[in-house]
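Shown next, in structure tokens, is the structure this report addresses.
What follows is calculated from the coordinates using simple rules that are stated; it is not laboratory data. Everything numeric here is computed off the predicted structure, so don't read it as measured data. For neighbour counting, all protein chains shown are included, and Cβ atoms are generated from backbone atoms with ideal geometry for every residue, glycine included.
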Amino acid sequence: MSRVARWALPNGQIVRSVWKESRMLQLRIARNVKVRIASFIQDDSTLYAEVQFFFQATINGQVKTLALISVYSPPNPDLLAKSFQTVAECDYFGDDNLQVIQVPQIRAGVVMIPIEETGKYFVAEKLGLDIECMAGMEDEDEDEDN
């Protein structure tokens with residue numbers, strides 16, 4: 001017997017999968033994610049991906065929640081630099097770039113907006129999701145003319 005569970009990311013976002021959305025009558029595209037991958041080469045890297053499906057597996061005696069993802073290309077570095085790190089444009093590879101990740105590596109849901117018929121996608125993130133704590137300080141006005 002199959003069991004289905006519903007989870008949300010720690011930031012409250014709901015992420016679906018291609019498998020789930022293919023069975024929905026009213027389509028909501030919520031299957032694209034921002035993923036943090038630890039690497040031996042660099043400290044951390046961020047990837048954008050489309051979740052194909054979620055599953056659980058027992059690894060070394062522990063049940064892990066995993067996702068099969070189709071990874072987009074890294075953002076175009078020239079466009080990213082010219083836009084002051086604000087415009088991320090990626091290519092989609094479909095089944096040619098699949099990876100399995102642990103679900104806690106998913107940082108946020110994102111929107112991948114197609115750029116006409118080019119096969120490229122523009123990344124749109126909900127503002128403020130990366131801010132864990134926002135605090136401020138008041139400064140005294142040091143204007144001596146007053």
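A few comments on the model shown:
- Other residues lying with their Cβ under 9 Å from the Cβ of residue 121 contribute a combined charge of -1, Lys and Arg counting +1, Asp and Glu -1.
- Comparing the range 63-104 with the 2.2 N^0.38 Å rule of thumb, its C-alpha radius of gyration ratio is 1.51 (two decimals).
- Net +/- balance of residues flanking residue 71 in space, Cβ distance below 12 Å, scoring K and R +1, D and E -1: -3
- Sorting the segments 103-110, 50-57 by their residues' average number of neighbouring beta-carbon atoms within 10 angstrom, most packed first, yields 103-110, 50-57.
- Rg over Rh, two decimals, the range 18-125 (C-alpha only, Kirkwood Rh): 0.99
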